Amino acid sequence: MKSLYYKILFLAVWVLFSFRPSVQEFQGQAVYYSKSKMELGSFGARMSEAQKKQIEARLKNRLEKTYTRNFNKQESLFTEDEKLDAISGATDSWGDNFSRGVQYKNVKDNALVQSQEFYGKRFLVKDKLQEIKWVMGKETKQIGQYTCFKANAIVPTRELSWYDFSWSDLPSADQGAEGSGEPEIKMTNIEAWYTPQIPVSHGPGEYWGLPGLILEVSAGNTTMLCSKVILNPKEVLEIQAPKRGQEITKEEYQNTVQKKMMEMRDNRGRRRG
């Protein structure tokens, strides 16, 4: 009888100590609202206010966007919410060629993996994270329920939107693909607000590297503001790097886009001629 008792006791103790409740890894989700000011340059000076408002309405999808950043302590996944065109009710197919794709970042491994689709071809951009040398200040402000601290940095403008394209990026036809001389490197001032209450080094877009989640960032004519934060949601968030596409670096991707756009410009010029 004693032997049976000890066997049952041993079994009970073994079950008790071998059982470990599954502890969910720390996770969070931040939703960001992005708004950019429309820049028309000298062309805008010749337009009426009504014309400017019409163009702004037409470009609303490109000027105002919503993003979601899912994150844990070292990884994050940044995605853009798809919107229909404000005028036609369709997706912005031209703009999609130059918009940010699904972006995975690993701050521990200093790794970026971003899925980009350009004219029907899928690329898998793999590179290091953009280096940002932050200067942290003591100024604070409240964003929602979080106390945030200010930080500033200066980064090459092209590095903040390497996936985008502007016709002004192309060398003139008589310069050739290589251009003439070293081009001027434009810089952008960045103002960020981060909260140590969420001690992760993530932020929207290319921004990262502060001792707390970045809830607001302003760079150039664009401001990104966090509108909602969910910590440790009930459902486990999937944070995995995209895997499909031709592997390429950021610089190689930029060269590929530039080459294609130069071909389009030259073909258009020959047709006109």
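Could you please tell me which pairs satisfy a Cβ distance under 9 Å, a separation of 6+ or placement on different chains, a first residue in segment 196-213 that is farther than 18 Å from LEU160 by Cβ, and a second residue that is in a loop (DSSP other than H, G, I, E, B) and of a type in the set (Phe, Trp, Tyr)?
VAL200/PHE26
Provide a single number: the residues in segment 133-156 that are crowded, with 16+ Cβ neighbours inside 10 Å, under 14 Å from ASN189 (Cβ atoms) and not aliphatic (A, V, I, L, M).
So the answer is 2.
Within segment 230-252, is there a residue that is among the aliphatic types (A, V, I, L, M), within 21 Å of LEU63 (Cα to Cα) and either modelled with pLDDT of 95 or more or within 19 Å of the chain's Cα centre (by Cα) (or both)?
So far as segment 230-252 goes, no, none of its residues is among the aliphatic types (A, V, I, L, M), within 21 Å of LEU63 (Cα to Cα) and either modelled with pLDDT of 95 or more or within 19 Å of the chain's Cα centre (by Cα) (or both).
Any residue at all in segment 133-156 that's closer than 19 Å to GLU247 by Cα, touching a strand residue (DSSP E or B) at 6+ places or on another chain (Cβ under 9 Å) and modelled with pLDDT of 90 or more?
no
Do you know which residues across segment 170-195 are modelled with pLDDT under 80 and among the hydroxyl-bearing types (Ser, Thr, Tyr)?
Across segment 170-195, the qualifying residues are SER172, SER180.
Please tell me if MET262 is of a type in the set (A, V, I, L, M, F, W, C), surrounded by 13 or more Cβ atoms within 10 Å (Cβ to Cβ) and at pLDDT below 95.
yes
Let me confirm something: among TRP162, TRP167, which residue is modelled with pLDDT under 70 and out of contact with any Leu (no Cβ under 6 Å at 6 or more places or on another chain)?
One residue alone meets the criteria, TRP167.
Go through segment 52-95 and give me each residue that's surrounded by 14 or more Cβ atoms within 10 Å (Cβ to Cβ), at pLDDT below 85 and acidic (Asp, Glu).
GLU56, ASP85, ASP92 - these are the residues of segment 52-95 that are surrounded by 14 or more Cβ atoms within 10 Å (Cβ to Cβ), at pLDDT below 85 and acidic (Asp, Glu).
What number of residues within segment 119-143 satisfy the criterion of being assigned to a loop (DSSP other than H, G, I, E, B) and not polar (S, T, N, Q)?
Total meeting the criteria: 8.
The values are calculated or read from the model by the stated rules, or taken from the named source; none is laboratory data. Since this is a predicted model, take the numbers as computed values, not measurements. Cβ atoms come from the backbone with ideal geometry, glycine included; neighbour counts cover every protein chain shown.
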